[in-house]
Amino acid sequence: MVKQKVYRKHIQLTDFQIKKLYELSEFDGVDPAEHAMRAIDAYLKSKKTDVPVKSQAQIRTKVKDQSNDPQIEGAVWLSGTVNQYEFSALILKTPAKTAMEKSRISKLSIWDPAIRKATNNFIGACIVNYDRGWDIRPSRRAEVYYHPVKALLDEFIASHQ
């Protein structure tokens, strides 16, 4: 039996497939992760699983809760919604090396609450997860939700300098 590795949510690659991705990357200089994302997107598109992409005008972000982090002085947790998804972010008092783009956003998760409830698996429900580094980068489909949330967080940071 061939051992499989999880490469992207619900998609598993064998060691042989991963080796081929790296060989292709050595040939053309493109990151193996980019090759994998392109192949997965092409596969999903061929299966006609594409969901219509929402325009920015259809995306609604809303902060529902704001609370101080009891363990990190000056840090604030923000939580809210972006259309059918929920998000949570940890905003630090000062920029940090491990924060997103060396800013003040230390953690950011965007997830589907229906999947989280059905599976009782937080990471499995995430479409985006940054926890002092990228765990789940925004896919092309998730970018439409990620960018408005990031803009909302940047706006919060700017107003709390």
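Might you let me know whether region 31-45 holds any residue that is in contact with a Leu (Cβ under 9 Å, 6 or more places away or on another chain), open to solvent by less than 70 Å² (accessible area, probe 1.4 Å) and modelled with pLDDT of 80 or more? Checking region 31-45: not a single residue is in contact with a Leu (Cβ under 9 Å, 6 or more places away or on another chain), open to solvent by less than 70 Å² (accessible area, probe 1.4 Å) and modelled with pLDDT of 80 or more. The set of residues in region 69-115 that are open to solvent by less than 60 Å² (accessible area, probe 1.4 Å), hydrophobic (A, V, I, L, M, F, W, C) and assigned to a strand (DSSP E or B) comprises V76, L78, V82, F87, A89, L90, I91, I105, L108, I110, W111.
Six or more apart or on different chains, Cβ under 9 Å: which pairs go from a residue in region 122-136 that's assigned by the TED database to the domain that holds D112 and of a type in the set (D, E, K, R) to one that's open to solvent by 60 Å² or more (accessible area, probe 1.4 Å) and outside any strand (DSSP E or B)? Could you list them? Sorted first by the residue in region 122-136, then by its partner, the pairs are R132/T98; D135/I123.
The values are calculated or read from the model by the stated rules, or taken from the named source; none is laboratory data. Just so it is clear, the model here is predicted, and its values are computed rather than measured. Note: ideal-geometry Cβ built from the backbone for every residue, glycine included; neighbour counts use all protein chains shown. Ligands, DNA and RNA are stripped out before the accessible areas are found, and what is left, the full protein with its side chains, is counted by its heavy atoms. Shrake-Rupley method; radii C 1.70, N 1.55, O 1.52, S 1.80 Å.
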